[in-house]
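A.B. asks: Pasting a structure below so you can have a look.
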Amino acid sequence: MFALADCNNFYASCERVFRPDLVGRPVVVLSNNDGCIIARSNEAKALGIGMGQPFYQVRPLIERGQVAVFSANFALYGDMSRRVMATLRALVPGIEVYSIDEAFFDLRGVDGPFDELGRSIGRTIRRNTGIPVSIGIAPTKTLAKIASKLAKQYPRLEGCCYMHRAEDIDKVLGCFPLRDVWGIGRRYGRMFDRMGLVTARQFVELPQEWVRARMGITGLRTWNELRGVECISFEQMPQRKQQITVSRSFPREIYTLEELERIVAEFASMCAEKLRAEHSVCREVQCYLLTNRHREEQPQRCVTGLSLIPDPTDSSLELVRQARIALRQIFQPGYGYKKAGVLLAQITPASELQGSLFTPAEHEKHARLMKVLDAVNKSCGKGRLVVAAQGTEPFRMNREHLSPRYTTDWRELLVVKATK
């Protein structure tokens, strides 16, 4: 049996842990620069607030005090996720972290009853972290995903849906939306819409040969998983990243190369830090720029620059230099750029890196320097030591509704005041 633990309305739930007065009230969380809504509590969903809806459209509700709004506090959410996963890891033999708010765990060899075990795990996570969790248990990962959604929808399940009997699975697939099945996606969803297929059972009833011909091995894997045949294995070790990217939208349009170079340098440095955390190196750096597509009266542009590195590296100095080279390839004056990003590709493990007679002499010097840079920033605070090209002022987003970093910054710890 496989199980999936899925945190309910995770970003909103993280804010509520430290603001219990918001329990039962509508809560929304905004994207970078407070642009649009990326998370909603159930109460906010009931008001008709949509995922991805622009913030300005819900301002009247907020001004009337009907909705609590928060800027995205990723430092808080990331730490709360680690706490949830640490609690789960202590309760089961092994977990596979799927996303910031989801993790699979393997129940093979574990004694039942599984429904009570799932509820016990959910209660323990809620007690230890304050985060509500829905747990789905089923013979395959794809069915466990569906079961976790049912656990969210039906309070009578008390946070856990154990879906294992063939007749129960068939009944669920008969009414479960096909577009919501893990692995279907938008492209296949549109294809099935044209065919008039709307439920997961209709998909399962398709001939195996048809699925393989139209959807390939990936679609066939989903088809088998829905039929109870395990095709997606359990991986305790996280998969090494194939790409690393950092991108941001700007509060205003940027027109100068000098300002963009500083921002791109900061993004490249952040990518390099993530790359070293993965114990990896890369040989390709991409930089991309986008104008504001919502301002149709202005000239539009969307371009990507590429810089290849002869000797794979994880050095912030080298990656910043390459990102700036890629930026200069694509920058053109006269455009107001609203978003930029840096992407690292062709990533390989650092342990597999082989030197050569042509390896730059400063390679070892950079490696020692990066160890010092990471150690200083870890002990003294993120961003204390930076590459000069980043400048002294870090890139700042519009985050007017940002909550404190209650669990990751000593200066923002929650203060409890005694009352008489």
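A.B. asks: Tell me whether the range 165-239 comes out rounded, prolate or oblate; compute the Cα gyration tensor, take square roots of the eigenvalues as a ≥ b ≥ c, and use a/c under 1.5 as the rounded threshold. Kindly include the intermediate steps, with their values, before the conclusion.
C.D. replies: Values: a/c = 1.61, a/b = 1.21, b/c = 1.34.
Oblate.
A.B. asks: Based on the Cβ-Cβ distance of E259 and D180, what FRET efficiency does E = 1/(1 + (r/R0)^6) give at R0 = 45 Å, to the nearest 0.05? Show your work: numbers first, answer last.
C.D. replies: On the way: r = 43 Å, r/R0 = 0.95.
Here the calculated transfer efficiency is 0.60.
A.B. asks: How large is Rg over Rh for the chain, taking Rg from the Cα atoms and Rh as the Kirkwood inverse mean of 1/r across Cα pairs? Please report the intermediate quantities before stating the final value.
C.D. replies: Details: Rg = 24.1 Å, Rh = 24.4 Å.
Reported Rg/Rh, Kirkwood definition of Rh: 0.99.
A.B. asks: Once you place label points 7 Å from the Cα toward the Cβ at Q329 and L353, how far apart are they in nm?
C.D. replies: In this crude spin-label approximation the distance works out to 2.1 nm.
A.B. asks: By counting other Cβ atoms within 10 Å of each Cβ, how are S269, S351 ranked from fewest to most? Kindly include the intermediate steps, with their values, before the conclusion.
C.D. replies: On the way: S269 22, S351 8.
Going from sparsest to densest Cβ surroundings: S351, S269.
A.B. asks: So how strong a dipole does the chain carry about its Cα centre when Lys and Arg Cβ are +1 and Asp and Glu Cβ are -1, to the nearest 20 debye?
C.D. replies: Details: 60 positive and 46 negative charges, 164 e Å.
In total the dipole reaches around 780 debye.
A.B. asks: Work out the FRET efficiency for L306 and N128 from their Cβ-Cβ distance, taking R0 = 45 Å, and round it to the nearest 0.05.
C.D. replies: Values: r = 46 Å, r/R0 = 1.02.
Step by step, r from the Cβ atoms, then E = 0.45.
A.B. asks: Which of the trypsin sites (Lys or Arg not before Pro) found in the range 314-397 are loop residues per DSSP with 15 or fewer other Cβ atoms within 10 Å of their Cβ?
C.D. replies: Values: sites: R321, R324, R328, K338, K339, K365, R368, K371, K378, K382, R384, R396; in loops: K382, R384, R396.
Loop-located and lightly packed - K382, R384, R396.
A.B. asks: Over the chain, calculate the relative contact order: mean separation of alpha carbon pairs under 8 Å at least 6 apart, over the residue count, as a percent. Write out the running numbers ahead of the final one.
C.D. replies: Values: 711 pairs, mean separation 66.0, N = 420.
Across the chain, relative contact order equals 16 percent.
A.B. asks: On to the next question. Considering the options A389, T419, L402, tell which one lies farthest towards the positive end of the dipole of the range 291-420, charges being +1 on Lys and Arg and -1 on Asp and Glu at the Cβ, about the Cα centre.
C.D. replies: T419
A.B. asks: If you don't mind, there's one more thing I want to ask. For the range 244-390, calculate the relative contact order in percent as a whole number, restricting contacts to Cα pairs under 8 Å that are 6 or more residues apart. Don't jump to the answer; show the numbers that get you there.
C.D. replies: Details: 257 pairs, mean separation 52.0, N = 147.
Rounded, it is 35 percent for the range 244-390.
A.B. asks: Obtain the nm distance between the two label points defined at N42 and K417 by a simple spin-label model: each point lies 7 Å from its Cα along the Cα-to-C-beta direction.
C.D. replies: Here the modelled spin labels are 3.3 nm apart.
A.B. asks: Select from G50, L88, H279 the residue farthest towards the positive end of the dipole of the chain; place +1 on Cβ of Lys and Arg, -1 on Cβ of Asp and Glu, and compute about the Cα centre.
C.D. replies: Of the candidates, G50 comes out farthest on the positive side.
A.B. asks: If R₀ is 22 angstrom, what is the calculated FRET efficiency for the pair V110 and D168, using the beta carbon separation as r and rounding to 0.05?
C.D. replies: 0.60
A.B. asks: Could you please rank L173, L327, placing first whichever residue has the fewest other Cβ atoms within 10 Å of its Cβ? Numbers along the way, then the final one.
C.D. replies: Details: L173 21, L327 24.
With the sparsest Cβ surroundings first, the list reads L173, L327.
A.B. asks: Run the numbers on the range 1-49 and let me know its relative contact order in percent, using alpha-carbon pairs under 8 Å that are six or more apart. The partial results should precede the final answer.
C.D. replies: Numbers: 45 pairs, mean separation 16.2, N = 49.
Relative contact order comes out at 33 percent.
A.B. asks: Could I ask something else about it? Using 0.36 nm times the number of residues separating D409 and R240, minus their current alpha carbon distance, what extension gain do you get? Could the numbers behind the result be given before it?
C.D. replies: Details: separation 169, 0.36 × 169 = 60.84 nm, distance 2.87 nm.
58.0 nm is the gain from fully extending D409 to R240.
A.B. asks: Right, something else. With a ≥ b ≥ c the root eigenvalues of the C-alpha gyration tensor of the range 1-163, is it rounded (a/c under 1.5), prolate (a/b larger than b/c) or oblate?
C.D. replies: Values: a/c = 2.24, a/b = 1.97, b/c = 1.14.
Judged from the Cα gyration tensor, the range 1-163 comes out prolate (a/c at least 1.5, a/b above b/c).
A.B. asks: Assign unit charges at the C-beta atoms only (+1 for Lys and Arg, -1 for Asp and Glu), then state the dipole size of the range 1-163 relative to its Cα centre in Debye, rounded to the nearest 20. If you can, show how the numbers build up before the last one.
C.D. replies: Details: 20 positive and 15 negative charges, 42 e Å.
Magnitude of the dipole: close to 200 debye.
A.B. asks: In the P(r) worked out for the range 147-301, what percent of Cα pairs fall beyond 22 Å? Walk me through the intermediate numbers first.
C.D. replies: Working: 7633 of 11935 pairs.
That fraction is 64 percent.
A.B. asks: While we're on this one: May I ask you to compute the full-extension gain from R295 to R25, defined as 0.36 nm times their residue separation minus their alpha-carbon distance, rounded to one decimal in nm? Before the final figure, lay out the partial values.
C.D. replies: Details: separation 270, 0.36 × 270 = 97.20 nm, distance 3.48 nm.
Roughly 93.7 nm would be gained on extension.
A.B. asks: As a check on your grasp of the helix formula, calculate [θ] at 222 nm for the chain: sum -39500 (n - 2.57) over DSSP H runs of n ≥ 4, divide by the residue count, round to the nearest 500.
C.D. replies: Values: 13 runs with 163 residues, N = 420.
When only DSSP H runs of four or more count, the value is -12000 deg cm²/dmol.
A.B. asks: Looking at the range 1-163 only, what percent of DSSP beta bridges run antiparallel? Nearest 5 please.
C.D. replies: Approximately 75 percent, going by the DSSP bridge assignments.
A.B. asks: For I62 paired with R368, estimate the spin-label separation in nm (one decimal), with each label point 7 Å from Cα along the Cα-to-Cβ line.
C.D. replies: 5.0
A.B. asks: Let me ask something additional. What list do you get for I38, I95 if you sort them by fewest beta carbons within 10 Å? Present the calculation step by step, with values, prior to reporting the outcome.
C.D. replies: Values: I38 15, I95 20.
Neighbour counts put them in this order, fewest first: I38, I95.
A.B. asks: In a Gaussian network model over the chain where Cα atoms closer than 10 Å are linked, find which of L344, L257, L88 has the largest mean-square fluctuation.
C.D. replies: In the Gaussian network model the winner is L257.
Values quoted throughout were computed directly from the atomic coordinates according to the rules given, and no laboratory measurement underlies them. Treat the numbers as computed from the prediction; the structure is a model and nothing was measured. Positions of Cβ are backbone-derived with ideal geometry, glycine not excepted, and every protein chain shown enters the neighbour counts.
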